[in-house]
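The values are calculated or read from the model by the stated rules, or taken from the named source; none is laboratory data. On a predicted model such as this, the values are computed, not experimentally measured, just so you know. Backbone-built Cβ (ideal geometry, glycine too); neighbour counts: all protein chains shown.
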Amino acid sequence: MNTLQCYEILGVKPGASIKEIKDAYRNLALRYHPDKDSSEGNEERFVKISDAYQTLRIQQIGESKTIQKFGDIYPEDAVYSYEQAEKLLLKQKYEEAIVFFDNALERLPRYANAWLKKGDALSNLKRYDEALYCFEKVLDINPESADAWNLKGICLSDLKRYQDAMESFDEAILLDPMRASTWNFKGVCFFILEKFGKALECFDRATKLSPEFVVAWHNKGGVLLKLGKKKEADKCYETEKKLRR
């Protein structure tokens, strides 16, 4: 798909601003989202719309800024603190990681990645209200952070605020419709709310996007059982078993 085709799919003129592109994409995505329109050929149309948006978005970002290394543009002590925090986060030493994230944020209060990963650490500690504050900080800095919308949704789900969680997952999907994990999390919310048909659609999307996504196959099998489709459920569990070998 070339750039001109992307503009045509979104219905905007060549050279449109990133805001015009985003607004056009959001309107089309909401209109043709598979959850709202399941007519034949609609899924393919939705994928084309998403691909066109991602292509133009990446192009605009590339033209608007020069890529520089984190360590080249921020204070040395802030870089050290952030890098230490990342290492501790990977080791699941969440309390220690938060201290270093705070040190980095003291020097760089609008560094979105530090807020995002601090929120992730807090969420793992089940300090959900504090985590939500961090994700909101990210979205204040960058409303197009699919990662922040996704993590916010997971946090809200852990708080059993499933409807709010799905709204966050919807925002994440609009920004990154190819992320299988978000579809899976949204499916879990639908499952808990006993909206099994909707849950199946989400798990089906997750397994199509990521055929080796073991958890999504397990979840798909569970919802098929709830719908009385044992043979189909057994196939999902068999796929799960093969992937775990």
ask   = Is at least one residue of region 186-207 under 11 Å from the mean Cα position of the chain (by Cα) and closer than 22 Å to residue 123 by Cβ?
value = yes
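Would you call residue 130 in a helix (DSSP H, G or I), assigned by TED's automatic domain parsing to the domain that holds residue 81 and over 24 Å from residue 34 (Cβ atoms)? Explain how you work it out, then say what you get.
Numbers: in a helix (DSSP H, G or I): yes; assigned by TED's automatic domain parsing to the domain that holds residue 81: yes; over 24 Å from residue 34 (Cβ atoms): yes.
Yes: the conditions hold for residue 130.
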request  = Look through 143, 177 and report the one residue that is modelled with pLDDT under 95, under 21 Å from residue 43 (Cα atoms) and not in a helix (DSSP H, G or I).
outcome  = 177
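Acidic (Asp, Glu), modelled with pLDDT under 95 and in a helix (DSSP H, G or I): is that true of residue 106 in this structure?
Working: acidic (Asp, Glu): yes; modelled with pLDDT under 95: yes; in a helix (DSSP H, G or I): yes.
For residue 106, the condition - acidic (Asp, Glu), modelled with pLDDT under 95 and in a helix (DSSP H, G or I) - is met.
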request  = Can you run down the residue pairs with Cβ atoms below 8 Å, 6 or more apart or on separate chains, where the first is in region 39-57 and charged (D, E, K, R) and the partner is assigned to a helix (DSSP H, G or I)?
outcome  = 45/32; 48/9; 51/6; 57/18; 57/21; 57/22
query = Quick one: how many residues across region 122-171 are more than 29 Å from residue 31 (Cα to Cα) and crowded, with 23+ Cβ neighbours inside 10 Å?
reply = 3
